[in-house]
Amino acid sequence: MDERQRSRSQELFQDKPVWNAIFAMAVPSCISILVMVCYNMADMFFVGQLGDTAQVAAVSVAGPVFSLITAVSTMIGMGGCSVIAQTAGQGKLREAKIYSSMCFYTAVFLGLLCTVVVLTGADSILKALGANEEILPFAGSYMRILAAGAVAMLLSVVLSSLIRADGAVREGLIGNLAGTAVNIVLDPIFILVLDMGIAGAAIATLIGNVVSSSFYLWYILKKAEYLSIRPFFGNYRLKEFFHILAVGMPNGISSLLAGAASAFSNQLLSAYGTDAIAAMAAAGKTTMVISMLQMGICMGVQPMMAYNYGAGNKERLQEILKKLAILTLLIGSAAMLGCFFGRGAIIGMFLKNAQAAAMGERLVIFLLIASPVIGWYYIGTNFLQASGNAAAATVVLLTRQGIILIPCLYLMNTLMGFTGIAAAHTAADILSVIISLAVCRMKNIAGNPHVKEIPRGY
């Protein structure tokens, strides 16, 4: 790769003023995340136009299955991104390419495995996730079609993460935009014009994943500095593979436990009827925008954290963390206010049934409470990951989604009814922010003599 391309990455990660570098990486990442949110919301939005709450609920019930696939792809992609960026920061370019190749072929294999498993056990899986007889046919159709494209789904997530380690923020955005545009254009055609219903939504999503993953492959083959899909099979080592998984495990576990919590939540909501499941799905999509925006900021900047950690640049790392804390607080607060005052219109985008919409508006109020500070949770986990403290990050994520959230769902549902299910998510978020900050304060950064502690300003 020529020196001009190499200097582009180094200038962004190491030399550019911190605010400029944060915005250069965070803005495209946030746009990409919001595009991804639109991607995910498009199915529910256009299915919602059918006026059938059973089909809206079906999208939600099938969701945990794809949270599992997302968990796997996120673990590989985010782990690979951090390891590749660290390795590149140390000047080990060949090792970085070997890591990226390993991530690619692992994603292909696991995608094929997911396809086989999901297709053979679709109905049993959906019944376990809370699908009743009204929802099951719709959820089954939706899930089978998406499962057929699991390879493209995994590659879309994995490769979009990997190219950020190459400094290709713009290309990551283009890939997301292309896939989302295809999905949004095809959704109304398949769902409404061709009257395919929820099956049309799944087909549109599958085609969108193929488009985005194809673009990322083109970038890696033609332009990448640190990345390769060349089969370095003789150079793969289990130790290195497990290192990638260990670094990416916090993100993977987060997605996995989010799916488990969603499944448990749907089981509890099923006692209140199909409208309640659809209402929680719509409310969750509303507040997901804020959470994903905060996560996008931190994920976008994570390669810069990892690069400076690998290079031993403690002062720049301190400044990055402090400015991220300010930025996420301001954005989270503004987004919370916007969603609160616009909740009626937003919920109405997904639900045409008045009773279900009213339930959704009640739930979204509880879900919004933790929005201003949830970004600090993502700063903590992404920083721990970027610095190689995957075990600490994993503990924080386990605490949020498993140890706190699932028991809270049961307890608060018992105490407050169906609104308690939304309140449980808020309680878990606030407690997780506190735990994340505490772990970052206490945890010394091992393995780099130049970065010894978390900056006090964070």
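Considering only the range 195-227, state which residues are closer than 28 Å to Ala96 by Cα, at pLDDT below 85 and crowded, with 18+ Cβ neighbours inside 10 Å.
Across the range 195-227, the qualifying residues are Ala224, Glu225, Tyr226, Leu227.
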Residue pairs meeting the criteria (Cβ under 9 Å; at least 6 apart or on separate chains; first in contact (Cβ under 8 Å) with a residue 60 or more places away in the chain, in the range 311-337; second hydroxyl-bearing (Ser, Thr, Tyr) and surrounded by fewer than 19 Cβ atoms within 10 Å (Cβ to Cβ)): Gln318/Tyr458; Leu321/Tyr458; Lys322/Tyr458; Leu324/Tyr458; Ala325/Tyr458
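Would the range 269-281 turn up any residue that is assigned to a helix (DSSP H, G or I), within 20 Å of Phe138 (Cα to Cα) and in contact with a Gly (Cβ under 7 Å, 6 or more places away or on another chain)? Outline the logic, then answer.
Keep residues of the range 269-281 that are assigned to a helix (DSSP H, G or I), which gives 269-272, 274-281.
Those left that are additionally within 20 Å of Phe138 (Cα to Cα): 269-272, 274-281.
The next check asks that each one be in contact with a Gly (Cβ under 7 Å, 6 or more places away or on another chain); those that pass are 270, 279.
Yes: the range 269-281 contains one or more residues that are assigned to a helix (DSSP H, G or I), within 20 Å of Phe138 (Cα to Cα) and in contact with a Gly (Cβ under 7 Å, 6 or more places away or on another chain).
For the range 351-443, please list each of the helices (runs of 4 or more DSSP H) lying entirely inside it that holds at least 2 residues being touching a Phe, Trp or Tyr at 6+ places or on another chain (Cβ under 8 Å). Walk me through how you get there before you give the answer.
On the way: elements: 354-368, 374-386, 390-398, 405-416, 418-442.
By residue number, 354-368, 374-386, 405-416, 418-442.
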Given (1) of a type outside the set (D, E, K, R); (2) closer than 23 Å to Ile84 by Cα; (3) at pLDDT 85 or above, number of the condition Leu409 does not satisfy: (2)
So Ser333, is it surrounded by fewer than 17 Cβ atoms within 10 Å (Cβ to Cβ), farther than 20 Å from Gly51 by Cα and of a type in the set (S, T, N, Q): yes
Test: residue in the range 312-324 that is surrounded by 24 or more Cβ atoms within 10 Å (Cβ to Cβ) and over 22 Å from Val433 (Cα atoms): no
Filtered residues of the range 145-161 (kept if more than 23 Å from Ala62 (Cβ to Cβ) and at pLDDT 85 or above): Leu159
Residue that is surrounded by the most Cβ atoms within 10 Å (Cβ to Cβ), among those in the range 103-154 that are free of Cβ contacts under 8 Å to residues at least 24 places away in the same chain and assigned to a loop (DSSP other than H, G, I, E, B): Gly121
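The values are calculated or read from the model by the stated rules, or taken from the named source; none is laboratory data. Keep in mind the model is a prediction, meaning the values are calculated, not measured. Here Cβ is always computed from backbone atoms with ideal geometry, including for glycine, and neighbour counts include all displayed protein chains.
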